[in-house]
Amino acid sequence: MTGLAITTTGLVHIYRAHGHDVAALSGIGITVRPGELVGLLGPSGAGKSTLLQLCGGLLTPSAGRLQIGEHNVATMTEAELDRMRSGDVGIVLQGAGRNLVPYLTPGENIQYAQQTAPRSRDLPAPDAILELVGLGNHADTDLTQLTPGQVQLCAVAVGIATMPGLLLADEPTSQLDHHARDEVLAALRTINTQTGMTVLLVTHDPEVAATLPRTITIRDGRIASEGRSGEEYAVVAVDGSLPLPPHVAELLPAGTLVQVTTDNGKIQLTPVQQEEDQ
C-alpha cells in the first residue's frame with residue numbers, strides 16, 4: 001500500500017453563523033508526506049476538525065487548493081467524493097458509535113464497510129483487520145460486551161476496512177482512560193508502520209501530542225506552529241507572517257513595534273520603546 005499525500009495552499013473555509021460570515025480556516029498551507037503520522041492540535045474552535053473534514057470531502061473549501069493524493073478535492077463532485085471515501089480515504093468520526101452499526105458485530109461492521117470498496121481491490125479478511133488493531137479475538141463479540149476502548153478500536157478497524165491510503169481520525173482517544181488511550185494510539189502507530197497508510201488525527205490532549213512524530217497546531221484558523229519529535233517550531237506563512245508561540249506573544253502585546261535584525265544568519269526580535277503621541 002502507498003500512503004496518500006496531503007497538500008493545501010491558501011485553504012479557506014467560511015461558514016454562516018448568526019447572520020455573519022465566519023472564517024474557520026484562513027489561508028491554511030500544509031504538506032503531509034505519504035506514510036506520515038501527523039497530529040492536528042489547537043484549542044476548541046481553532047479549525048482543526050474543519051480541516052480534517054475538508055480532507056475527507058465532508059465540507060467544501062471556500063477558496064484555495066486541497067490535494068489528497070491525485071484528488072483535487074476542491075473541484076470534485078459529490079459522486080467523486082463518495083468514490084474517494086469508499087476506497088482512498090477512511091474517516092473515523094468523533095464518538096466511536098457514530099462509525100458503527102450497533103446491531104452488527106465487529107466483523108460484520110467491517111464486512112459492511114468493505115461493500116463500498118472498489119471491486120478490483122483485494123481486501124484483508126475482517127479477522128486480519130481486527131488483529132491489526134488488537135481485537136483479533138472479538139470478530140463475533142456483541143458491541144455491548146466491549147469496553148469503551150475496544151469500541152473505539154473497532155471504529156478504527158472500520159475506518160481502515162477498505163485499506164485506504166489516508167486515515168482521518170477525529171479525537172480518537174477522547175473520553176478514554178489512559179490505558180485505553182494508549183491502546184488506540186498503539187493501534188494507529190501499527191497501522192501506520194505496517195501498512196504505510198498516512199494517518200492524520202485531531203487531538204486536544206498534550207500527552208497524546210507528545211507521542212507523535214509530527215504535530216501541526218492551528219490557532220484562529222491559521223497554522224500557529226509545528227512540532228517535531230517534541231520540539232515546537234514557529235512556521236513562516238506564504239505571505240511572510242510569523243505567528244508567535246503563546247509564551248512569546250504574551251511578552252509582545254498586539255501593536256508592539258518589533259525591530260527585526262540579522263547577525264551572521266541569526267535573527268533577533270527586539271521590542272521598540274514607543275514614544276507617547278505628542
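In the range 1-37, what residues are crowded, with 21+ Cβ neighbours inside 10 Å and either of a type in the set (Val, Ile, Thr) or closer than 19 Å to residue 188 by Cβ (or both)?
The initial filter retains those residues of the range 1-37 that are crowded, with 21+ Cβ neighbours inside 10 Å, namely 3-4, 6, 8, 11, 13, 24-25, 28, 32, 37.
Within the range 1-37, 3, 4, 6, 8, 28, 32, 37 qualify.
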- Name the pairs: first residue in the range 169-195 and free of Cβ contacts under 8 Å to residues at least 24 places away in the same chain, second residue assigned to a loop (DSSP other than H, G, I, E, B) and open to solvent by less than 20 Å² (accessible area, probe 1.4 Å), Cβ to Cβ under 9 Å, at least 6 apart or on different chains? 182/173
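Which residue out of 61, 102 is more than 13 Å from the chain's Cα centre (by Cα), part of a loop (DSSP other than H, G, I, E, B), in contact (Cβ under 8 Å) with a residue 40 or more places away in the chain and under 30 Å from residue 242 (Cα atoms)?
Details: 102 fails: under 30 Å from residue 242 (Cα atoms).
One residue alone meets the criteria, 61.
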- Note on the structure: How many residues of the range 122-159 are among the β-branched types (Val, Ile, Thr) and assigned to a helix (DSSP H, G or I)? The answer is 5
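Please go through the range 196-208 and pick out each residue that is part of a helix (DSSP H, G or I) and surrounded by 20 or more Cβ atoms within 10 Å (Cβ to Cβ). Write out each step before concluding.
Step one: of the range 196-208, the residues part of a helix (DSSP H, G or I) are 206-208.
Answer for the range 196-208, where residues must be part of a helix (DSSP H, G or I) and surrounded by 20 or more Cβ atoms within 10 Å (Cβ to Cβ): just 208.
Restricting to the range 209-265, give me the number of residues that are in a loop (DSSP other than H, G, I, E, B) and touching an Asp or Glu at 6+ places or on another chain (Cβ under 6 Å).
First pass over the range 209-265, keeping only residues in a loop (DSSP other than H, G, I, E, B): 210-213, 220-221, 229-230, 235-245, 250-257, 264-265.
Next, from what is left, pick out any that are touching an Asp or Glu at 6+ places or on another chain (Cβ under 6 Å): 235.
Summing the residues that are in a loop (DSSP other than H, G, I, E, B) and touching an Asp or Glu at 6+ places or on another chain (Cβ under 6 Å) in the range 209-265 gives 1.
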- Task: Go over the candidates 181, 119 one by one and state the one that is open to solvent by 10 Å² or more (accessible area, probe 1.4 Å), basic (Lys, Arg) and either at positive phi or part of a helix (DSSP H, G or I) (or both).
- Result: 181
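The values are calculated or read from the model by the stated rules, or taken from the named source; none is laboratory data. Remember, predicted model here, so these are calculated numbers, not experimental data. Note that we place each Cβ from the backbone using ideal geometry, even for glycine, and neighbour counts take in every protein chain shown. The protein model used for the area step is the full one, side chains on, heavy atoms only, and it has no ligands, DNA or RNA in it. Shrake-Rupley method; radii C 1.70, N 1.55, O 1.52, S 1.80 Å.
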